[in-house]
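A.B. asks: Provided herewith is a single structure, encoded as structure tokens, for subsequent inquiry.
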Amino acid sequence: MIHRKPQPRAPSNHTALVSLPNINDIVTPAPASSPQPSISKRKFLDLYSSSVKRNRVLIKRPQRDGKDVTGENSGEGGSGDVKPSKQLQVVVRSDLGQGVKEEVADGVEQEGVGLGQRVGDGNDEALKSNLEETVEDWSMPSDTKIALELMRSQFPKIEKGSVRPFVLRSQLYSSVTDRTLVDRELERLKLERVVRVFKLNTGQDDYAIMFMADYLALIDLAKTRLAKKHTEGEMAVFDWFVHHVLPSHADAGITHSKLVELLSEGGDVEDRHISLLMNAGLLTRQLVDSTAYWLALPNVGFLLKSLASGRKEIVSFLSRRKYREILQVPLERRRLQYSVLGMRFHIRDLLGLGQIHTVPSPSGPIIRLSRD
Amino acid sequence: MLRQLRRREVGADNPRSLSTHVRGERVRQINLSGHKEVVSAHHSGINSLQVDCTEARYLLAGAADGSVGVYDTQQPTFVDSALHVAKHEALFTVDKSVHLGHIFSVSSVQWYPVDTGLFVTGSYDKNINLWDTNTHQVELQFKMPGKVYAIAMSAMATTHMLVAAGTEDVRVRLCDLATGACTHTLSGHRDGVWALQWSASSEWILYSGGCDGAIRFWDIRRAGCFQVLDHNRSQIEKRPSVTNSASQRQEMATATMGSSSKVGSQQREAKRAKLSKGSLALKNARAKESAVQRQHPGMMSANDRSTAHNGSVTALQTSDDGLHLFSAGTDSRVRLWDIESGCNTLVNYEATRIRAHQGTQLAVSMDSSLLFVASAHSVQTYDIWSGRMHSKLVGHYDNVNCCAFLPEDQELYTGSSDRQILVWSPPKALPIDDEEEVEEEGLKTGGTTVTADEDAWSD
């Protein structure tokens, strides 16, 4: 039994957002040459040399805070290169640059990982555990997840800078056949904090689904935009929002009291903090209930207008045709005059809403307007 | 089918399983009935239908011109032999010409659960009438503060005969038929109540759905509602796991506590913040907190603003076993709730179009296999657990308002704004025409007339 001094464990925290691996992370490893490691070079070399000398036996040691620490370095770069310590990687991957060693522990609710608790120092797991981890950590993503990834990658490019790809719920319904399954898998993804669901204020029952990383990037943009005019104390509310509200509250709406309760875990909350969040576009008052808010996407009004006018354009175009139908291929080639979101986006959305449906035909699928 | 009969004969299969199987098959083949028709005696749209639960024979229909009609669904008034259609006309109708009859639209009707001697109707003229079926007169009238949208009586009540009334007013009232007075007032909704349903498993529990989108569960023996359904709280499996439900209940409890004592929570923040606060301030904070929290426990849920639907709730229906609740809302969604845990089971009933400006009715088939939802001009049937649309019953010319399912014959009655009551039933084999032709022949020849039983060919 080889005893090693365990790495200093970061204080565990409930912020799990940043280091959740999604499929992109597993595929593209974090670059090894990233700046600001929070351990000194000497210590780093120490770790490296000691890990090389170690036996390749899986050492299971109880975690101080009793949490499952699963190997995150499995995903990063498979070869036996110099692998920076887990803490290093986590630091590297933290978007908000917060020196977040605490992400390590509770970061990962890996699917199907039944591994025991292990001390993740250096590349201790080495190749054997690498393999184990890659096999066990990666479980088949659900249909909904694949559809979400696919549609996110196909989100149309818009010149306006601060737009992040999102997927509408109706588009999901048109991609996956079983709606109940979609609802349930989406709920699971919401609980795992992989995606975030927002209610759009188009007047109809529209929901937008956005990946957590994209949403955090949006919050960052909003923060930098407002940073010039407000003091440090007021800007702190964004960090409280990300670290306390987002992890514990997965719904699209939130009541005032709950919001205040969650934000005050970060510090003193006053009305001006909440007004700042509203100015940034992250919160909107609910019309029905004056004491509750919707969590919202900032700067999305332009897209919503596009969405509404694009829908109307396609429906009116189809209703003017002789038999209210058109082959799908020529329809996709047409350009939309009033929408920047692209024909494919709108077709998927309308299919999910049920306003149009596809009919197979010998010359290809036909898009037909549904009659009431 | 023959194999199943054989197995039942031999004793290999449970007789009940065979009958459930056959009934289930018949339910799935429901379509516009070719052999039965109800001749509607109303001159305006039908708002509410109900078949009595004692005999499952008499159909009660309430219409928008204030008339209420009773139809016999088993005995036709005349048979159209050419088309082989049995026509059922109204046994009687009562309308505004009767003393104390309804002058405005009847929104909801129900038979007295014990026998068909009485029935209760609620109308937009703010009255609830108790009618005697035999004398066609109003026995008792309750005056409500607003238009009556929904009434309900518990089918399994043995100790009370309360009529629950949902009106424009935000409070649900319970009127007692025995004394003629209103006994309970249930407060908690923030807008009118459109849908009411008593529990199928307990005579004390009432479910109500309102225009504010909330569904509340009331136990009439206690004050206040004990549960408010929230569509964000969901369970992914059919039954919730034990740990989840316990933690969710705690969360709910703290949430309602938190929302009701808004002042209290801010004080708590103040406590938590800095140690520089003097002990006097802390004491004040604690005193204020306790003052706020000394609300009646029954009224705590009044501040719970969770909604079950994003629009108004238009219909509620419990499943036969009393474990699940269906709710339809104007956000065009039908949701299935687990009653025990109060969670949304996330079953998605696709493509419903509920554009109601009043309450409608949902119907469930007897073994909880199919759900009938009135959407726009048609009735859509769904498989309950998967949410897939099974079939679409198109026959009405206007919005379908109500549906009632008869478990014995697996028939569905629907009423709509086009003044028709349509019957939907599984296909029936056509009768052979031999008897009629044989009779005609006999008359023409003047020879021996042959009765229906005898063979018509010579030996």
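A.B. asks: I need the full set of residues from segment A:329-352 which are in contact with a strand residue (DSSP E or B) (Cβ under 9 Å, 6 or more places away or on another chain) and either of a type in the set (F, W, Y) or within 14 Å of another protein chain (Cβ to nearest Cβ) (or both), in order please.
C.D. replies: Result: A:F345, A:L350, A:L351, A:G352.
A.B. asks: Checking A:D268 against (1) of a type outside the set (F, W, Y); (2) within 11 Å of chain B (Cβ to nearest Cβ); (3) outside any helix (DSSP H, G or I); (4) surrounded by 18 or more Cβ atoms within 10 Å (Cβ to Cβ), which single condition isn't satisfied?
C.D. replies: With respect to (1) of a type outside the set (F, W, Y); (2) within 11 Å of chain B (Cβ to nearest Cβ); (3) outside any helix (DSSP H, G or I); (4) surrounded by 18 or more Cβ atoms within 10 Å (Cβ to Cβ), A:D268 is out only on (4).
A.B. asks: If you don't mind, there's one more thing I want to ask. For A:A222, only one of the following conditions fails: (1) assigned to a helix (DSSP H, G or I); (2) within 13 Å of chain B (Cβ to nearest Cβ). What is its number?
C.D. replies: (2) is the only condition that A:A222 fails.
A.B. asks: Further question: Report, by residue number, each residue of segment A:198-215 that is more than 10 Å from chain B (Cβ to nearest Cβ) and buried (at least 19 other Cβ atoms within 10 Å of the Cβ). It would help to see each step written out before you state the result.
C.D. replies: Step one: filter segment A:198-215 for residues more than 10 Å from chain B (Cβ to nearest Cβ), giving A:198, A:200-203, A:206-215.
Scanning segment A:198-215 gives A:F198, A:L200, A:A208, A:I209, A:M210, A:F211, A:M212, A:Y215.
Each row is one residue, and each column tells you yes or no for (1) touching a residue at least 40 places away in the same chain (Cβ under 8 Å); (2) within 13 Å of chain B (Cβ to nearest Cβ); (3) within 30 Å of A:R169 (Cα to Cα).
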| site | (1), (2), (3) |
| --- | --- |
| A:K228 | no, no, no |
| A:T231 | no, no, no |
| A:G253 | yes, yes, yes |
| A:S264 | no, yes, no |
| A:L283 | no, no, yes |
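A.B. asks: Still on this model: Could you list, in sequence order, the residues of segment A:291-328 that are among the small types (G, A, S), touching a strand residue (DSSP E or B) at 6+ places or on another chain (Cβ under 8 Å) and under 19 Å from A:F155 (Cβ atoms)?
C.D. replies: A:A296 - this is the single residue of segment A:291-328 that is among the small types (G, A, S), touching a strand residue (DSSP E or B) at 6+ places or on another chain (Cβ under 8 Å) and under 19 Å from A:F155 (Cβ atoms).
A.B. asks: Restricting segment A:285-298 to residues that are in contact with a helix residue (DSSP H, G or I) (Cβ under 8 Å, 6 or more places away or on another chain) and surrounded by 16 or more Cβ atoms within 10 Å (Cβ to Cβ), which is farthest from the other protein chains (Cβ to nearest Cβ)?
C.D. replies: A:P298
A.B. asks: Quick check, is B:G101 surrounded by fewer than 20 Cβ atoms within 10 Å (Cβ to Cβ), in contact (Cβ under 8 Å) with a residue 24 or more places away in the chain, over 23 Å from the mean Cα position of the chain (by Cα) and not in a strand (DSSP E or B)?
C.D. replies: no
A.B. asks: Restricting to segment B:339-353, name every residue that is within 14 Å of another protein chain (Cβ to nearest Cβ) and touching a residue at least 40 places away in the same chain (Cβ under 8 Å).
C.D. replies: Once the filter is applied, which keeps residues that are within 14 Å of another protein chain (Cβ to nearest Cβ) and touching a residue at least 40 places away in the same chain (Cβ under 8 Å), segment B:339-353 yields B:C343, B:N344, B:T345, B:L346, B:V347, B:Y349.
A.B. asks: Just checking, how many residues over segment B:364-378 are within 14 Å of another protein chain (Cβ to nearest Cβ), in a strand (DSSP E or B) and farther than 21 Å from B:A152 by Cα?
C.D. replies: Residues meeting the conditions: 2.
A.B. asks: Continuing with this model, one more query. Write out, first by first residue and then by second, each pair whose Cβ atoms fall under 9 Å of each other, whose residues are 6+ apart or on separate chains, and whose first residue, in segment A:330-344, is on the phi < 0 side of the Ramachandran plot and touching a residue at least 60 places away in the same chain (Cβ under 8 Å) while the second is exposed (fewer than 12 other Cβ atoms within 10 Å of the Cβ) and charged (D, E, K, R).
C.D. replies: Once the first residue is on the phi < 0 side of the Ramachandran plot and touching a residue at least 60 places away in the same chain (Cβ under 8 Å) and sits in segment A:330-344, its partners that are exposed (fewer than 12 other Cβ atoms within 10 Å of the Cβ) and charged (D, E, K, R) give A:V340/A:E159; A:V340/A:K160.
A.B. asks: Could you give me the residue pairs with C-beta distances under 9 Å whose first residue belongs to segment B:373-389 and is of a type in the set (K, R), whose second residue is part of a loop (DSSP other than H, G, I, E, B) and modelled with pLDDT under 95 wherever it lies, and which are 6+ apart or on separate chains?
C.D. replies: B:R388/A:D178; B:R388/B:Y349; B:R388/B:E350
A.B. asks: Then there is this: Among the listed residues B:L5, B:L18, B:L32, identify the single one that is surrounded by fewer than 20 Cβ atoms within 10 Å (Cβ to Cβ) and in contact with a Gly (Cβ under 8 Å, 6 or more places away or on another chain).
C.D. replies: Checking each option against the conditions leaves just B:L32.
A.B. asks: Strands (runs of 3 or more DSSP E) wholly in segment B:10-90 with at least 2 residues that are at pLDDT 90 or above and in the same structural domain as B:Y397 (by TED's automatic domain parsing) - which ones?
C.D. replies: Passing ranges, in order: B:36-38, B:46-51, B:58-63, B:68-72, B:85-88.
A.B. asks: Here's something else I'd like to know. Among the residues of segment A:186-219, count how many are part of a helix (DSSP H, G or I) and in contact with a helix residue (DSSP H, G or I) (Cβ under 7 Å, 6 or more places away or on another chain).
C.D. replies: Counting residues in segment A:186-219 that are part of a helix (DSSP H, G or I) and in contact with a helix residue (DSSP H, G or I) (Cβ under 7 Å, 6 or more places away or on another chain) gives 4.
A.B. asks: A follow-up question, please. Going by what's in this entry, would A:I158 be described as at pLDDT 90 or above and either surrounded by fewer than 20 Cβ atoms within 10 Å (Cβ to Cβ) or at positive phi (or both)?
C.D. replies: Here the answer is no, as A:I158 does not meet what is asked.
A.B. asks: Here's a follow-up. Residues of segment B:145-171 being surrounded by 22 or more Cβ atoms within 10 Å (Cβ to Cβ) and either basic (K, R) or part of a loop (DSSP other than H, G, I, E, B) (or both), which ones?
C.D. replies: B:S154
The values are calculated or read from the model by the stated rules, or taken from the named source; none is laboratory data. Remember, predicted model here, so these are calculated numbers, not experimental data. Positions of Cβ are generated from backbone atoms using ideal geometry, with glycine treated the same way; all protein chains shown enter the neighbour counts.
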